[in-house]
Amino acid sequence: MFDINNIIRENIKNLKPYSSARDEFKGEASVYLDANENAFGSPLERNYHRYPDPMAFAVKNELSKIKGVPARNIFLGNGSDEAIDILFRSFCNPGKDNVIIVPPTYGMYEVSANINDVALKRVNLTEDYQLNLEGIAEAIDDHTKMIFICSPNNPTGNSIYREDIETILANFSGLVVIDEAYINFSRQKSFIQELTEYSNLVVLQTLSKAWGLAGLRIGMAFASEEIIEVFNKVKPPYNLNEASQELALEALKNVQQVNGWIKEILTERDKLVLSLKNFDFVLDIYPSDANFILVKTTDANGIYNFLVAKGIITRNRNKVELCEGCIRITVGTPEENEVLIVALKDFGIGG
Ligand SMILES: Cc1ncc(COP(=O)(O)O)c(C=O)c1O
């Protein structure tokens, strides 16, 4: 049913990718005079005067061991935002194709669609933040190239029912992009083990959340080899810089530490929920499978501004459809969460 030739843009199918110096010579040599680098070095303690590995193989090999997915099924980007943008540029014809998003959800799908002049079809989540399968089926037309599903979803925090995602994967002949940025915090299983089952599946993950490396900008896409080949053709030649690659390799040795943090964050999330429930301006706290919670309040703008004045920044989601009155709160350290709760005790009493 899914055939990459039916959805890839013609210009991308025919694209002859840029061939970098490091693509053209891959072995070891003693003198490199092929890439117009500064052979004298870098004005730093460490040398960064050579271009990095364009394919970041060392990082992919480590990730492959951790994730249980072959390196050839992994794309690495400058954040998963780069992967999202490449998907649009590779598979959607500007002014002609469309994609489906299921709001409220992560904002970059819409921004990338707008940048690439690709029409958006919005099929809102249901009241309990699950997929409206009938609505999605009705929205699909001959020009629908991708459906974006974020699970656990940002900003609602819940996971999307697996069976519903499987229904879409089995029936849609375009790409199903499952954004699992928060999967490490979830009780649900990742879809990355399903790549052989579904040739139209793209799973996005990131080192920015549980791995604590948002500043390095490393996002991952997991997909069939033929889809990964498209990513590699379209990406800028050296999209993952040398410092990020080196530091990621160091960080990936510390799986235990990251797993410890995840446990702590989940404990802190539960404590935060219990504390917030005591406030009468809190109307609801939605179940979360992520490192943040969505809190429905009587006065989101008031609470947000009150906290800003105290130097505590949360995310006001009041203007987001289906999130009216809501504030999204990232789970912090025990100390930070305590500061938040203590501050909120003064809300509404003139503090
Ligand atoms: C659902 C979701 N996907 C992707 C991203 C972006 O991740 P990255 O830092 O890898 O670009 C975010 C960041 O907040 C996110 O919430």
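The values are calculated or read from the model by the stated rules, or taken from the named source; none is laboratory data. Nothing here was measured: the structure is a model prediction, and the numbers come from that model. Glycine also receives a Cβ, built like all others from the backbone with ideal geometry; neighbour counts cover every protein chain displayed.
Computed quantities for the displayed model
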{"quantity": "Selection count where residues are polar (S, T, N, Q), in contact (Cβ under 8 Å) with a residue 60 or more places away in the chain and not in a loop (DSSP other than H, G, I, E, B), scope segment 298-351", "calculated": "1"}
{"quantity": "Options 125, 133; residue that is out of contact with any strand residue (DSSP E or B) (no Cβ under 9 Å at 6 or more places or on another chain), more than 25 Å from residue 240 (Cβ to Cβ) and within 16 Å of the ligand (Cβ to nearest atom)", "calculated": "125"}
{"quantity": "Residue within segment 94-109 that is within 17 Å of the chain's Cα centre (by Cα) and assigned to a helix (DSSP H, G or I) present", "calculated": "yes"}
{"quantity": "Strands (runs of 3 or more DSSP E) wholly inside segment 142-250 containing at least 3 residues that are farther than 18 Å from residue 122 by Cα", "calculated": "201-206, 219-222"}
{"quantity": "Residue identified as within 22 Å of residue 83 (Cβ to Cβ), within 19 Å of the chain's Cα centre (by Cα) and more than 14 Å from the ligand (Cβ to nearest atom) among 160, 115, 149", "calculated": "115"}
{"quantity": "Candidates 260, 348 - the one that is at pLDDT below 95 and among the small types (Gly, Ala, Ser)", "calculated": "348"}
{"quantity": "Filter pass, residue 284 being surrounded by fewer than 13 Cβ atoms within 10 Å (Cβ to Cβ) and assigned to a strand (DSSP E or B)", "calculated": "yes"}
{"quantity": "All positions within segment 4-20 that are assigned to a loop (DSSP other than H, G, I, E, B), under 26 Å from residue 172 (Cβ atoms) and touching a residue at least 24 places away in the same chain (Cβ under 8 Å)", "calculated": "8, 9, 15"}
{"quantity": "Checklist (1) touching a Ser or Thr at 6+ places or on another chain (Cβ under 8 Å); (2) surrounded by 20 or more Cβ atoms within 10 Å (Cβ to Cβ); (3) within 22 Å of residue 9 (Cα to Cα) applied to residue 121, failing item", "calculated": "(2)"}
{"quantity": "One residue from 81, 23, 85 being touching a residue at least 60 places away in the same chain (Cβ under 8 Å), within 16 Å of the ligand (Cβ to nearest atom) and in a helix (DSSP H, G or I)", "calculated": "81"}
{"quantity": "Index of the failed condition, residue 173 passing every other in (1) more than 16 Å from the ligand (Cβ to nearest atom); (2) without any contact (Cβ under 8 Å) to a residue 24 or more places away in the chain; (3) not β-branched (Val, Ile, Thr)", "calculated": "(2)"}
{"quantity": "Single residue of 255, 202 found to be at pLDDT 95 or above and either within 16 Å of the ligand (Cβ to nearest atom) or closer than 17 Å to residue 331 by Cα (or both)", "calculated": "202"}
{"quantity": "Answer from 13, 67, 96 - the residue that is within 16 Å of the ligand (Cβ to nearest atom), basic (Lys, Arg) and farther than 30 Å from residue 318 by Cβ", "calculated": "67"}
{"quantity": "Residue 93, sole failed condition from (1) surrounded by fewer than 21 Cβ atoms within 10 Å (Cβ to Cβ); (2) under 15 Å from residue 175 (Cα atoms); (3) touching a helix residue (DSSP H, G or I) at 6+ places or on another chain (Cβ under 7 Å)", "calculated": "(3)"}
